[in-house]
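Trainee: Supplied in structure tokens, the structure appears directly below.
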Amino acid sequence: MPTGVYVCHCGLNIAGVLNMEDLKSFAEKLPDVAVARDLQFSCSDIGQEQIQKDIEEFKIDRVVVAACSPRLHEPTFRRTISKAGLNPYMLEMANIREQCSWVHMDQPAMATEKAKDLIAMAVAKAALLQPLEPESIPVSKDVLVVGGGVAGIAAALDMADAGLHVFLVERRPTIGGYMALLTDVFPTNDCSICVLGPKMSEVYNHPNITLFTYAEVLGVEGSVGNFTVSGVRRARYVDEKLCKGCINECAGVCPVEVPSEYDFGIGKRKAIYIPYPQAVPLVACIDPKACIGCARCVEACPVQAVKLDQEPQDFKLNVGAIIVATGWQPFDATRKEEYGFGRYRNVITTLQMERMLNASGPTKGEVVRPSTSEIAKSIGFLQCVGSRDATVGNLYCSRVCCMASLKNAQLVKEKYPDTDITIYYIDIRACGEGYEEFYVRAQKLGINFVRARVSRIEEVEGEIFLIFEDTQTGELKRVKHDLAVLSVGLEPDSKADVLGNLLGLSRRPDRFFEIAHPKMRPVEAHIDGVFIAGCASGPKEIPISIAQGSGAAAKAIKLLHKGVLELEPTSAYVDPEKCIKCKLCVDVCLQKAISVKSPAYVDEAACKGCGSCAAACPVDAINMRFFSDEQILAQVRAATEVKREFPLIVAFLCNWCSYGAADLAGTSRIQYPTNARNIRVMCSARVDPSFILEALRRGADGVLIAGCRIDECHYRDGNYQALQRVNVLKGVLEKIGIDPGRVKIVWCAASEGEIYAKDLRDFIGELKAMGPIGTELKGKTGTNNQRGQMP
Amino acid sequence: MKLAYYPGCVSKSTGKEMDTSTRAVCRALEIELEELDDWNCCGATHVSNDLVATGLAARNMAQTDLPIMTACSICYSNLRAAAMRLEEPETLERVNAVLDKKYSSAKIHHALDVILEALAEDDERIVVPLKELKVAPYYGCLLTRPTGQYSPEFPVVLEELIKNLQAEPVDFRLKTLCCGGPIFMPQEKAADDIAFRILKEAKKAGAEVIVTVCPLCHLMLDAKQKILEKKMGEKIEIPVLYVTQLVGIALGLGPDELGLEMNSVSPMAMMEKVYEKNSE
Amino acid sequence: MTGDEQFKQEVLRLAGAEVLTCIQCGTCSASCPTAHLMNPSIRKLIKLCLEGNKEEALHNETLWLCTSCLLCTVRCPRGIRPKAVVSALKDIAEREGLRSKDADYEQFFLKQIKDYGRIAELALTGEFLLVFPQGAVQSMQMGLELLPRGKIGWEIEKIKGRDEVKRIVEELREK
Ligand SMILES: Cc1cc2nc3c(=O)[nH]c(=O)nc-3n(C[C@H](O)[C@H](O)[C@H](O)COP(=O)(O)OP(=O)(O)OC[C@H]3O[C@@H](n4cnc5c(N)ncnc54)[C@H](O)[C@@H]3O)c2cc1C
Ligand code: SF4
Ligand code: SF4
Ligand code: SF4
Ligand code: SF4
């Protein structure tokens, strides 16, 4: 396994501090090194050509470049050696710039010594590299969208237009979600269904969209690129192909009337019904709970579309990606008992108000007091009902309800200018383009604003009174209104629980689906190939729901448009012989990439290569194709081969944050001592306790593990898993008499070069106080503990 | 059924009728009560240090392994709140450090829920159904607080019990308003105002009797009723029964057993009406 | 005004750190049965604590108008226990020896618990009337109601575990 080593000057960036001649001759003597050179700029064309020439001439089959950070030029050099016929994974870099010459500028001698270790570590790892072939798997170009609200509709249309085939599964008999039920919509107060209706029809008519309404997903298997989805289309007892949507014929004869869920209880519908006139598909549906089986509708239907014996139909799909757009549900206002909703007739919710204001709604656009059906002359809106409220477990702001009340107040005021309207609020949240202006508009229309959270509504002889403290004047008040409107908040749709569990989606403390990164990956789930859009991941208004639908569509298109998926060959794999089926790996894998079939099996398409399972496996049955146990142990051994300084620290840095922080310390020229020998791993969770023990056993004075800040792990909670493992290990160390302080775990973000340097300085100080490894054992055993004799 | 019984300090003075009737009703319903050994005051609403209040309650609760029943809402609230706080290991540790008998856990009942559990709707022990009697269910504040047992806004247990006795609960708007009792000594006027509001409201709602679950409420509405009438210049004249007294009447227990003669506003006229209805 | 940070921290320790999250929404004050008599309102009292305004937070009638009904605590949207803030302030006032008729009443109450383990209402009333003779009219009226009905407890009952109770009151009260 002839290795070529290239020590880069990087102009004077490296050569200005380190002794290049010394490093080159050191490298030459390392095992298996066939050629070692120092290059002015290895990344330049000349440098790259030299490497390629050597591959030819010296038949080297692996390359070590000691230069800048692999985060910068690893792809470059992979390409270089690949062009010369080597497998791109036969490259290892030693970071002697960001993590050496730039941070030890005034200690050239020690820095050169450290660089030697870094090069030796890289050469030792390189000796164990295996060629890896990125596998590509064929993927389905079909996509499943769950939820036909405005977010799901936006996603479906974008993907269908781009040529993917979309299956849209909607639980209700019509698509449209809540937006289809709203009256005019903020911030421009245009008619909601007028803008949404055409999109709904487009979905229905699109050749690339298969629409399943009144349907549910019941099973999901497989992983990114190839999900197998099963589900059921419930019986609507009406033949979708025959029904003409005339509805008056059948519903006209139906004797059963029930409150309509699409009017939130203020309007009525029959047992056979169409949710609202613009429903898509415009097909009747029978509510089996309400239907008494009289079959009058069967006779009334002019085209014999009513089929009382219709059966549910199962479906099975193969899709490459899944978009979850399951939306929200209104907070149940009866839970705020002090407001008397459901008890006092003149207390309603904003959604009921939306329906009343809707010209095609149950009151044909009139805003009335339910108790008398008279036009309401005085209306109070109560904000934050079920939001920002610890007593109901919803600490979050629902974000749209301030704007919704501002809107409804304006619409009422425009229709009935004499109405006295007051909005009772804690804070008005109108943040969005044109939103504050919308607030000002409401103020100018003469709508009153009182800063108070209403404590209670009281009903006396059919009249309702709001009881509150006007917090701006400190006055306690009891004010009568004809109508009180509760601005209910948004909660995640509870009907989406099944789907969430099937997909393994995680939930935030607010119970909405969690996205992969709260800023950088707003529409991706933790699971590859699954995307989230609209209110499924938290309350949001229509424009943002649409943007997220389109965003999720773009992600799915990017993923699937080639029809094949290139897999990073860096995944975990299981040695079936060794596996004892303990399933510990299943629990740590956030990707759900490991299946419980015995023995364990890693779905390499789903694996992200964090390595936590490999660290968790008690019998080392799991290994990684890249960053393997053997490679990391080889680095540890090379780092401790010669103890060049005290204290000697072996440091494990996660690729995403802490390695980035160490690089940043370099680019910022933050100076710190040379004691650490850094080993890059994908995630701090990769650090197997055996690596730490090996380092200490071989004479390292301390081991540092650095990960992303808690809650910022790129694999969600790898750092937390690392912390738990380190804590257990510390207990073990204590038992065998080693100071547990020799193992330290720290968190830093990629932007925190200074913190990384400080943590390291602190650790060096602590280790100095402890003395060389083994000091603590001397007192106990009286023997002079030397390297190699540690437990 | 056997329960530990925590009478509370007022059982010895202003709340004697509560204690007497509670014991009588439990006897009639075959609920065996074992008075807590050497019990201490729960601190009522006058111990402002949470930890001290918790300690006082914990000492009581540590005296028994049985579920504990009390008939006083204040004691009930204090015991429940303490049991909740003692779920925190830190609080538990600190409190147990000063206790002789260590606290581990406790189940707390109010006489109200014990009776409701023991007495079904058509129970044959209800020998004097309170037919057509209009009862104002007055909960006061602490029966439902801290939250977790009954709704703190619209509790309905009392109504349920009243209906089981075949009486009619009136729609009583102020049923959970605090009676003002805890501050009646130093803040007489404030307390009097609230208590009188409650009485007036009960009258407006057409109540023939008010039922309470707390001895302090009882004191404010019953013992003080005539004083308040004089002070406010308005007659109320509604008897106020402790819930166990009301149940006792329906169970056919005598006035002595229920301590009815200890009530300030005599319930005799009301009882006569009940008996009359039953003989019809 | 620079606030008394130590005082603020003491309130937070006794009443819970969540007091910091008060949004001054007024739910507590509008729920309070005696709010119409309070000045500052229970909401403002919380603000005073957060400002470290010890002087105004301790010297007011509000503390003594609270009936401990807990409705504020039931309703506060931040999970704050405003009544616990009142209690904390009373506790601080008592420890610092601030005196008023109301504070004295609580003192007598606690002292009885400490000395006897139980409350004897008659003795308590008697003690209170010594510092607040104006209460005599009410007490007379009440006495006339209760006496003929046998509802005045004449004896002071002393429990056996008085030492234990004393320990509870004294040791748990310390920091
Ligand atoms: C009173 C009120 C007024 C508002 N007014 C405005 C306004 O004027 N302007 C504005 O911009 N925003 C407004 N909004 C916000 C707006 O309603 C939302 O932004 C919008 O509904 C979000 O769309 P969505 O697709 O994410 O969710 P939804 O509309 O909830 O759609 C989700 C769909 O998924 C379906 N679904 C759920 N679970 C499943 C499942 N398991 N399987 C299959 N299907 C499922 C549901 O049936 C539903 O059809 C208002 C909100 C309220 C409460
Ligand atoms: S948007 Fe307004 S009403 Fe809705 S929760 Fe937020 S602050 Fe409250
Ligand atoms: S390496 Fe990480 S993502 Fe891959 S199987 Fe193991 S735990 Fe799951
Ligand atoms: S209810 Fe709670 S949040 Fe609102 S003002 Fe009172 S203490 Fe503050
Ligand atoms: S506990 Fe005190 S402050 Fe709170 S509502 Fe009741 S009386 Fe008011």
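Trainee: Where in the stretch C:27-104 are there helices (runs of 4 or more DSSP H), lying fully within it, with 2 or more residues that are open to solvent by 20 Å² or more (accessible area, probe 1.4 Å)?
Mentor: Numbers: elements: C:27-31, C:42-51, C:54-58, C:62-65, C:71-75, C:82-95.
Where helices (runs of 4 or more DSSP H) fall fully within the stretch C:27-104 and carry at least 2 residues being open to solvent by 20 Å² or more (accessible area, probe 1.4 Å), they are C:42-51, C:54-58, C:71-75, C:82-95.
Trainee: Checking A:V367 against (1) open to solvent by less than 20 Å² (accessible area, probe 1.4 Å); (2) within 16 Å of ligand 5 (Cβ to nearest atom), only one condition comes out false. Which one?
Mentor: All conditions are met except number (2).
Trainee: Does the stretch A:195-206 contain any residue that is in a loop (DSSP other than H, G, I, E, B) and over 27 Å from the mean Cα position of the chain (by Cα)? Break it down into steps so the answer makes sense when it comes.
Mentor: Just the residues of the stretch A:195-206 that are in a loop (DSSP other than H, G, I, E, B), to begin with: A:206.
So of that shortlist, the ones also over 27 Å from the mean Cα position of the chain (by Cα) come out as A:206.
The answer is yes, given that some residue of the stretch A:195-206 is in a loop (DSSP other than H, G, I, E, B) and over 27 Å from the mean Cα position of the chain (by Cα).
Trainee: Within the stretch A:178-194, restricting attention to residues that are part of a loop (DSSP other than H, G, I, E, B) and more than 16 Å from ligand 2 (Cβ to nearest atom), which residue is nearest to A:R233 (Cα to Cα)?
Mentor: A:T183
Trainee: Now for a separate question. When you check B:L260 against the structure, is it surrounded by fewer than 24 Cβ atoms within 10 Å (Cβ to Cβ), under 18 Å from the mean Cα position of the chain (by Cα) and in contact (Cβ under 8 Å) with a residue 24 or more places away in the chain, yes or no?
Mentor: For B:L260, the condition - surrounded by fewer than 24 Cβ atoms within 10 Å (Cβ to Cβ), under 18 Å from the mean Cα position of the chain (by Cα) and in contact (Cβ under 8 Å) with a residue 24 or more places away in the chain - is met.
Trainee: Might you let me know whether the stretch C:136-149 holds any residue that is assigned to a loop (DSSP other than H, G, I, E, B) and either more than 7 Å from every other protein chain (Cβ to nearest Cβ) or among the small types (G, A, S) (or both)?
Mentor: The answer is no, given that none of the residues of the stretch C:136-149 is assigned to a loop (DSSP other than H, G, I, E, B) and either more than 7 Å from every other protein chain (Cβ to nearest Cβ) or among the small types (G, A, S) (or both).
Condition check ((1) within 30 Å of A:R369 (Cβ to Cβ); (2) in contact with a helix residue (DSSP H, G or I) (Cβ under 7 Å, 6 or more places away or on another chain); (3) in contact (Cβ under 8 Å) with a residue 60 or more places away in the chain) across all residues:
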| position | (1), (2), (3) |
| --- | --- |
| A:V217 | no, yes, yes |
| A:V229 | no, no, yes |
| A:Y262 | yes, yes, yes |
| A:A279 | yes, no, yes |
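Trainee: Can you tell me which of B:L199, B:L216, B:L174 is touching a residue at least 40 places away in the same chain (Cβ under 8 Å) and surrounded by 18 or more Cβ atoms within 10 Å (Cβ to Cβ)?
Mentor: B:L216
Trainee: Tally time: how many residues in the stretch B:183-238 are within 14 Å of another protein chain (Cβ to nearest Cβ), in contact with a strand residue (DSSP E or B) (Cβ under 6 Å, 6 or more places away or on another chain) and not in a loop (DSSP other than H, G, I, E, B)?
Mentor: Within the stretch B:183-238, residues that are within 14 Å of another protein chain (Cβ to nearest Cβ), in contact with a strand residue (DSSP E or B) (Cβ under 6 Å, 6 or more places away or on another chain) and not in a loop (DSSP other than H, G, I, E, B) number 3.
Trainee: Further question on the same structure: Determine, yes or no, whether C:K158 is in a helix (DSSP H, G or I) and open to solvent by 10 Å² or more (accessible area, probe 1.4 Å). Give the steps one after another, and end with the answer.
Mentor: Details: in a helix (DSSP H, G or I): no; open to solvent by 10 Å² or more (accessible area, probe 1.4 Å): yes.
So C:K158 fails the test.
Trainee: Only one of (1) part of a loop (DSSP other than H, G, I, E, B); (2) crowded, with 17+ Cβ neighbours inside 10 Å is not met by A:Y262, so which one is it?
Mentor: (1)
Trainee: Would you be able to say whether some residue in the stretch C:90-98 is away from chain B (no Cβ under 11 Å) and either within 16 Å of ligand 3 (Cβ to nearest atom) or of a type in the set (A, V, I, L, M) (or both)?
Mentor: Yes, the stretch C:90-98 contains at least one residue that is away from chain B (no Cβ under 11 Å) and either within 16 Å of ligand 3 (Cβ to nearest atom) or of a type in the set (A, V, I, L, M) (or both).
Trainee: Shifting gears a bit: Which residues, taken from the stretch A:342-368, are touching a Lys or Arg at 6+ places or on another chain (Cβ under 9 Å) and more than 28 Å from A:Q278 (Cβ to Cβ)?
Mentor: Residues satisfying the conditions are A:R345, A:N346.
Trainee: Just one of the numbered conditions (1) more than 7 Å from every other protein chain (Cβ to nearest Cβ); (2) buried (at least 19 other Cβ atoms within 10 Å of the Cβ); (3) on the phi > 0 side of the Ramachandran plot is not true of C:G117; which one?
Mentor: (1)
Trainee: Given (1) within 16 Å of ligand 5 (Cβ to nearest atom); (2) open to solvent by less than 20 Å² (accessible area, probe 1.4 Å); (3) not in a strand (DSSP E or B), identify the lone condition not met by A:E469.
Mentor: So the condition that A:E469 fails would be (3).
Trainee: Let me ask something else. Consider the stretch A:559-595. How many of its residues are part of a helix (DSSP H, G or I), open to solvent by 20 Å² or more (accessible area, probe 1.4 Å) and within 20 Å of A:A685 (Cα to Cα)?
Mentor: Adding up the residues that qualify gives 4.
Trainee: Out of the residues in the stretch A:487-511 that are in contact with a Leu (Cβ under 9 Å, 6 or more places away or on another chain) and assigned to a loop (DSSP other than H, G, I, E, B), state the one that is surrounded by the fewest Cβ atoms within 10 Å (Cβ to Cβ).
Mentor: The extreme case among them is A:P509.
Trainee: Also, quick follow-up: Looking at A:I764, is it under 17 Å from A:G699 (Cβ atoms) and touching a residue at least 12 places away in the same chain (Cβ under 8 Å)?
Mentor: On the way: under 17 Å from A:G699 (Cβ atoms): yes; touching a residue at least 12 places away in the same chain (Cβ under 8 Å): yes.
The answer is yes for A:I764.
Trainee: Scan the stretch C:53-80 and report the pairs whose first residue is within 16 Å of ligand 2 (Cβ to nearest atom) and among the hydrophobic types (A, V, I, L, M, F, W, C) and whose second residue is outside any helix (DSSP H, G or I) and modelled with pLDDT of 95 or more, with Cβ atoms within less than 9 Å and a gap of 6+ or a chain change.
Mentor: Partner pairs satisfying both residue conditions: C:C76/C:C22; C:C76/C:C25.
Trainee: Just name the residue that is farthest from the other protein chains (Cβ to nearest Cβ) out of those in the stretch A:430-450 that are closer than 19 Å to C:A30 by Cβ and open to solvent by 40 Å² or more (accessible area, probe 1.4 Å).
Mentor: A:N448
Trainee: Against the condition touching a helix residue (DSSP H, G or I) at 6+ places or on another chain (Cβ under 8 Å) and within 14 Å of ligand 3 (Cβ to nearest atom), how does A:A572 come out, does it pass?
Mentor: Considered against the rule, which asks whether it is touching a helix residue (DSSP H, G or I) at 6+ places or on another chain (Cβ under 8 Å) and within 14 Å of ligand 3 (Cβ to nearest atom), A:A572 comes out as yes.
Trainee: For B:K101, only one of the following conditions fails: (1) surrounded by fewer than 16 Cβ atoms within 10 Å (Cβ to Cβ); (2) under 23 Å from the mean Cα position of the chain (by Cα); (3) modelled with pLDDT of 95 or more; (4) in a loop (DSSP other than H, G, I, E, B). What is its number?
Mentor: Only one criterion is unmet by B:K101, namely (2).
Trainee: For the structure I just gave you, tell me whether C:L20 is part of a helix (DSSP H, G or I), away from ligand 5 (no atom under 11 Å from the Cβ), surrounded by fewer than 18 Cβ atoms within 10 Å (Cβ to Cβ) and at pLDDT 95 or above.
Mentor: So C:L20 passes the test.
Trainee: Go through the stretch A:157-191 and count every residue that is among the hydroxyl-bearing types (S, T, Y) and crowded, with 23+ Cβ neighbours inside 10 Å.
Mentor: Residues that pass the stated criteria total 0.
Trainee: In addition: Could you list all residues from the stretch B:219-257 that are surrounded by fewer than 24 Cβ atoms within 10 Å (Cβ to Cβ) and either within 18 Å of B:L142 (Cα to Cα) or touching a Gly at 6+ places or on another chain (Cβ under 8 Å) (or both)?
Mentor: B:E257
Trainee: Moving to a separate point now. Kindly evaluate C:K83 against the criterion of being within 13 Å of ligand 5 (Cβ to nearest atom) and in contact with a helix residue (DSSP H, G or I) (Cβ under 6 Å, 6 or more places away or on another chain).
Mentor: Judged against the criteria, C:K83 is a match.
Trainee: Next question. I'm checking my understanding of the structure. Among residues of the stretch C:1-25 that are over 16 Å from C:A84 (Cα atoms) and within 16 Å of ligand 2 (Cβ to nearest atom), which one is nearest to the other protein chains (Cβ to nearest Cβ)?
Mentor: My answer is C:C25.
Trainee: Pull out all pairs, ordered by first then second residue, where Cβ-Cβ is under 8 Å, the residues are six or more apart or on different chains, the first lies in the stretch A:337-352 and is within 9 Å of another protein chain (Cβ to nearest Cβ) and more than 13 Å from A:G380 (Cβ to Cβ), and the second is open to solvent by less than 20 Å² (accessible area, probe 1.4 Å) and of a type in the set (S, T, Y).
Mentor: Final answer for the pair search is A:E338/A:S455.
The values are calculated or read from the model by the stated rules, or taken from the named source; none is laboratory data. Since the structure is predicted, the reported quantities are computational estimates derived from the model, not experimental observations. Using ideal geometry, Cβ is built from the backbone for each residue, glycine included, and neighbour counts are taken over all protein chains shown. The accessibility values were calculated without ligands, DNA or RNA, using every heavy atom of the protein model including side chains. Shrake-Rupley method; radii C 1.70, N 1.55, O 1.52, S 1.80 Å.
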